[in-house]
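What follows draws every value from the coordinates through simple rules; no lab data is involved. Since the model is a prediction, treat every value here as computed from it, not as a measurement. Neighbour counts are summed over all protein chains in view; Cβ atoms, including those assigned to glycine, are modelled from backbone coordinates with ideal geometry.
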Amino acid sequence: MTDPLDALLNDIQHKCDDAALDMFGEKTTARWKNPSFARIMNSPDAAGDMAGSCGDTIKIFLKITESKINEASFYTSGCGASIVSGDMACELSVNKTVDQASEISGEDILTALGGLPEDKTHCAHLASSALQEALGNWIGQK
């Protein structure tokens, strides 16, 4: 016998999943549910964080050796669009030089994600800004 509360929660979860698929598409929804780079890094070589006007924050952590990004991770207090944007910013920066990563823009993140809804595109720019701040902080340490 199914508990009515479990059935209700299961129904709500399915509705949320369907809404995410409609909003983000299959690939980006899969990234939202299982981001590869979501974690607070211990002892990063550099970190940068940005707060958006929407209230979301994204923090990017980097491990850098000989001006090459070997590892990246992120933390966000934000919505699904912030999660996928932070995750993609990290993916795009790993194995890049600091100079190459400094060219990663919000538009690059949007393109790599296949786009976001218009009211969520600012999240990609927020992730890019956090990455740029981390890189600037690393350069400032030199």
Study note, to complete from the structure: Over the range 1-46, the set of residues polar (S, T, N, Q) and buried (at least 17 other Cβ atoms within 10 Å of the Cβ) is T28, T29
**Study point:** Enumeration of residues in the range 106-132 that are part of a helix (DSSP H, G or I) and touching a Lys or Arg at 6+ places or on another chain (Cβ under 9 Å)
**Key:** L113, A130
Review point. Counting only residues that are acidic (D, E) and on the phi > 0 side of the Ramachandran plot, how many does the range 55-74 have?
Key: 1
